[in-house]
Amino acid sequence: MSTLLEARDLYGGYGGNDILKGVSLRVEADEVVVIVGPNGAGKSTAMKAIFGLLRIRQGQVLYRGEDITNARPEQMVRRGVAYVPQEHNIFPSLSVQENLEMGAYLMKGDLKPRLERIYQLFPRLAERKRQPTGQMSGGERQMVAMGRALMIDPRLLMLDEPTAGLSPKLIDETFVQIQKINAAGIGVLMVEQNAKQALAIASRGYVLATGANRHEDSGAALLADPHVAEMFLGG
Amino acid sequence: MNEILQLLVYGLVLGSVLAMGAIGVSMIFGILRFAHFAHGDFMTLGAYLGLAFIAAFGLGAWWALPAAMLGMAIVAVGIDQLIYRRLRRTQPVILLISSFGMALILRSLVQLIWGSDNQTYVSGIQFPWRLDWLGGLRLKPDHAWIVLISAGLIVAVHLFLSRTRLGKAMRAMSDNMDLARISGIPAERVIMMTWIIGGALAAAAGVFLGIDTRLHPMMGWTTLLPVFAAAILGGIGRPYGAIVGGMVIGLSMEMSTLLISASYKPAVAFAIMVLMLIVRPQGIFKGTL
């Protein structure tokens, strides 16, 4: 399979302080790649830097072989990369359908087939098309957030802690959805706190600590590694 | 009873004017996160642009409306591109102060070009209709037009915000700026549309004021306080709230004359604004303040 995304030795952060001090990662076209690590390791920061929300001071981001270092979010969307932030990832006063439409703002042509696909993946949303998303439950909001990102029919989906704040049952459902999305041929790069569950469905995983790569291996191998388990998975 | 009905009419007229101004103030706050202090003087300049147009072509008073709206939409976009755009990356407070400066510039410009005396679109008195079926209520045709045209413009704004892609994007940006960026919504195009609508509606408010009474370089500035009060009451950043807020403030200001002297009308608007900021600062429609 071809490489979708490759980040090489990224340095960057807010103001003069680097949070990222040499992060490298790679996502192949058919993979689910998970980034785990303790708080403050720079996981979310790495996602933001790759998506163009944060300036990369040094290093390189390649998307399908093309150098896209410090590309603007809009250019990422045009290339088929979608990103779901951890918080504030919906438009609360807009209805479910309007949220989805905003996800495809840059897409030309009829939105109906795109909307239909999202409603098939999340039947719960189809029942609530006209409801303002601000009044919905955490699980439903997360569906809206993912649905919005999937509207562009991305090649790569970047998820920042998609299960944060969800009940155990909804967490399970979310991981099933992510597997479904991946099975449809979409590469997934995600940051996840529920490291055990995430690594269980991951093709590969990266362990970050203090802004740099610590370990890299297949999901199963990282799960089995006693050192990693002790440090980051809570035993 | 008759007096109350009469005040109700005046209140609706004033409410329409305030709503036209407050929709723009609210939208601009929602998208650009600053209180646009030059909005009152947008109204003034709009009213005078309309005056210049009808004077140049010898047209009737109502022709001032489309000319003013078109003219102010262009001026508003121009001012944004020339001045505000450069300050957007700084803090919103800098935009606020610069809009205050813009207010002074526009007002001086109006005084320089048209002088500081009162002017009117048409001279003479308009005779009101006497509606016997409403207890002899007197209704000036111009007042009826102001309320009807405002209602039409409100419907147009509503259709734009709820039916068009750009209108929805405007609400989305007002809701969540970062997510709009992440979704690839082109911020500059949305901002430009905000100024087109804000400028055109401010001009409409100015022309309404001019038709109702007279044109004066201070007309917009003195209306700015009740316009802000309307925007805050409705929930700033929420155009629908601004409409409700405008009507409530307009009606309250006119109705207050039943109890207190008419010269306290602006004080009524101010009192409602302060009360609202204390009791429910997010406004009726839960704005972004």
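The values are calculated or read from the model by the stated rules, or taken from the named source; none is laboratory data. None of the values given here were measured: they were computed from a predicted structure. Note that each Cβ is placed from the backbone with ideal geometry, even for glycine, and that neighbours are counted across all protein chains shown.
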Index of the failed condition, B:ILE182 passing every other in (1) in contact with a strand residue (DSSP E or B) (Cβ under 7 Å, 6 or more places away or on another chain); (2) more than 14 Å from chain A (Cβ to nearest Cβ); (3) without any contact (Cβ under 8 Å) to a residue 24 or more places away in the chain: (2)
Hey, B:GLY199 in contact (Cβ under 8 Å) with a residue 24 or more places away in the chain, within 14 Å of chain A (Cβ to nearest Cβ) and more than 30 Å from A:MET151 (Cβ to Cβ) or not: no
The stretch A:100-111, residues that are aliphatic (A, V, I, L, M) and assigned to a loop (DSSP other than H, G, I, E, B): A:ALA104, A:LEU106, A:MET107, A:LEU111
Only one of A:ALA202, A:ALA212 that is surrounded by fewer than 20 Cβ atoms within 10 Å (Cβ to Cβ) and in contact with a strand residue (DSSP E or B) (Cβ under 8 Å, 6 or more places away or on another chain): A:ALA212
Within the stretch B:130-166, considering residues that are of a type outside the set (Ser, Thr, Tyr) and facing chain A (nearest Cβ under 10 Å), the one farthest from B:VAL13 (Cα to Cα): B:ARG165
Filter result for A:GLY147 (within 14 Å of chain B (Cβ to nearest Cβ), more than 24 Å from A:GLU28 (Cα to Cα) and in a helix (DSSP H, G or I)): no
Flag if B:VAL190 is within 26 Å of B:GLY220 (Cα to Cα), within 14 Å of chain A (Cβ to nearest Cβ) and in contact (Cβ under 8 Å) with a residue 12 or more places away in the chain: yes
Residue, nearest to the other protein chains (Cβ to nearest Cβ), within the stretch A:112-138, restricted to residues that are part of a loop (DSSP other than H, G, I, E, B) and buried (at least 18 other Cβ atoms within 10 Å of the Cβ): A:MET136
Matching entry among A:LEU189, A:LEU159 (being among the aliphatic types (A, V, I, L, M) and within 13 Å of chain B (Cβ to nearest Cβ)): A:LEU159
Test: residue in the stretch B:62-76 that is in contact (Cβ under 8 Å) with a residue 60 or more places away in the chain, part of a loop (DSSP other than H, G, I, E, B) and surrounded by 21 or more Cβ atoms within 10 Å (Cβ to Cβ): no
Strands (runs of 3 or more DSSP E) within the stretch A:10-99 that include 3 or more residues away from chain B (no Cβ under 14 Å): A:17-28, A:32-36, A:56-63
Candidate set: the stretch A:139-148, residues that are of a type in the set (A, V, I, L, M) and touching a helix residue (DSSP H, G or I) at 6+ places or on another chain (Cβ under 6 Å); chosen: the one surrounded by the most Cβ atoms within 10 Å (Cβ to Cβ): A:VAL144
Residue in the stretch B:121-131 that is modelled with pLDDT of 90 or more and either touching a Ser or Thr at 6+ places or on another chain (Cβ under 6 Å) or among the basic types (Lys, Arg) (or both) present: no
The stretch A:1-37 - residue that is of a type in the set (Asp, Glu), closer than 21 Å to A:LYS180 by Cβ and touching a Lys or Arg at 6+ places or on another chain (Cβ under 9 Å) and, of those, surrounded by the fewest Cβ atoms within 10 Å (Cβ to Cβ): A:GLU28
